[in-house]
Amino acid sequence: MLLAFDPSTHLILAESLTESGATDASQVEPLVEQIDAEVETFYGDGAYDGWAVRDYLNSESIHQIIPPRKNARIKQHGNSSADPLERDESVRQIRRDGKQAWKESIGYLRRSLGETAMSRLKANCGDRLKNRTLPNQATEAALRCKLLNHFVPLGMPLFAWG
């Protein structure tokens with residue numbers, strides 16, 4: 001199961017459940033299409049570092065925070081008249097400053113909130129679906145997400161600065 005969530009509210013905005021042969025990257029477009037609000041930023045791990053995903057995010061004007069793979073090469077060199085590609089800029093910064101500095105400067109560590117959302121879902125509902133068929137499992141997953149979205153605002157701490 002893949003989740004799309006709002007890092008400011010911790011609410012799950014979309015979910016996708018597929019058969020075991022589907023890749024995470026193949027679910028980016030279906031997830032984004034489920035979301036009614038404008039998606040500004042996509043956080044993903046290295047599994048999403050493919051040109052199909054990046055081209056789709058570019059076409060939707062969605063900022064991408066995806067680490068390039070270790071053997072990543074620059075696609076469009078600096079002397080090109082076209083706008084620089086986000087991935088190429090990330091590759092350059094990682095080569096120049098290191099991966100940890102890139103993660104800190106770009107806000108990649110917010111991606112861990114997605115891992116927390118999945119952990120919260122599994123802790124509250126279990127890590128296995130009860131239904132046997134994919135359509136029923138998809139319904140079960142959607143209901144779990146909807147239920148969790150009712151609990152999240154009740155359990156989130158409130159902070160007052162001042």
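How many Å² of accessible area per residue for region 91-155, probe 1.4 Å?
It amounts to 67 Å² per residue over region 91-155.
Stretched out fully, how many nm does the piece from D127 to K75 gain, at 0.36 nm a residue minus the Cα gap? Could the numbers behind the result be given before it?
Working: separation 52, 0.36 × 52 = 18.72 nm, distance 3.95 nm.
Answer, rounded to one decimal: 14.8 nm.
Where in the chain is the longest stretch that carries no GluC sites (Glu not before Pro) classed as loop by DSSP and with at most 11 other Cβ atoms within 10 Å?
Working: sites that count: E19, E38, E40.
Here the longest run is 41-162.
Out of residues 5 or more away from F42 or on other chains, whose amide H comes under 5 Å of its own, with H placed 1.01 Å from N in the peptide plane?
H63, Q64, I65
Heavy atoms of the protein only, probe of 1.4 Å, neighbouring chains included. What is the accessible area of Y43 in Å², nearest 10?
Y43 exposes around 70 Å² with every protein chain in place.
Based solely on its DSSP helices, what 222 nm [θ] is calculated for the chain when runs of n ≥ 4 H residues each add -39,500 (n - 2.57) and the sum is averaged over all residues, nearest 500 deg cm²/dmol? Walk me through the numbers before you get to the answer.
Values: 6 runs with 72 residues, N = 162.
That comes out to -14000 deg cm²/dmol.
Might you report the magnitude of the Cβ-based charge dipole of the chain about its Cα centre, with Lys and Arg at +1 and Asp and Glu at -1, to the nearest 20 debye? Numbers along the way, then the final one.
Values: 20 positive and 22 negative charges, 151 e Å.
Computed charge dipole of the chain: roughly 720 debye.
On the full set of protein chains, 1.4 Å probe, figure out the accessible area of L147 and give it in Å² to the nearest 10.
Accessible area of L147: about 80 Å².
What is the set of long-range amide H partners of F5 at a cut-off below 5 Å, with H atoms built 1.01 Å from backbone N?
L13
Taking only the alpha-carbon atoms of region 19-162, what semi-axes of the equivalent ellipsoid follow from 5 times the gyration tensor eigenvalues under a square root, in whole Å, largest first?
Working: eigenvalues 208, 86, 42 Å².
Semi-axes, largest first: 32, 21, 14 Å.
Restricting to lysine pairs 8 or more places apart or on different chains, what number in the chain have Cα atoms under 20 Å apart? Could the numbers behind the result be given before it?
Working: K70/K99; K70/K103; K75/K99; K122/K130; K122/K146; K130/K146.
Within the chain, the lysine pair count is 6.
Using only the alpha-carbon atoms, how far is helix 86-97 inclined from the longest principal axis of the chain? Give it as 0 to 90 degrees, nearest 10.
For helix 86-97, the angle is close to 70 degrees.
So what's the gap between the Cα centers of region 80-95 and region 32-78, to the nearest angstrom?
A separation of 13 Å, based on Cα centres.
Just the accessible area for D24, please: 1.4 Å probe, Å², rounded to the nearest 10?
60
Can you tell me the 0 to 90 degree angle between the C-alpha axis of helix 134-155 and the longest principal axis of the chain, rounded to 10?
Its long axis makes an angle of about 90 degrees.
For the chain, take the longest principal axis of its alpha carbons; what is the angle in degrees between that and the long axis of helix 112-125, to the nearest 10 within 0 to 90?
The helix 112-125 is inclined about 20 degrees to the chain.
Roughly speaking, to the nearest percent, how much of the chain's 1.4 Å accessible area is carbon and sulfur? Walk me through the intermediate numbers first.
Details: 5320 of 10540 Å².
Heavy-atom surface of the chain belonging to carbon and sulfur, 1.4 Å probe: 50 percent.
In Å², what does the accessible area per residue of region 1-86 work out to with a 1.4 Å probe?
Numbers: 5130 Å² over 86 residues.
Per-residue value: 60 Å².
The values are calculated or read from the model by the stated rules, or taken from the named source; none is laboratory data. Nothing here was measured: the structure is a model prediction, and the numbers come from that model. A quick note on method: Cβ atoms are made from the backbone with ideal geometry, for glycine too, and the neighbour counts reach across all protein chains shown. Protein only, heavy atoms only, side chains kept; ligands, DNA and RNA dropped before computing areas. Shrake-Rupley method; radii C 1.70, N 1.55, O 1.52, S 1.80 Å.
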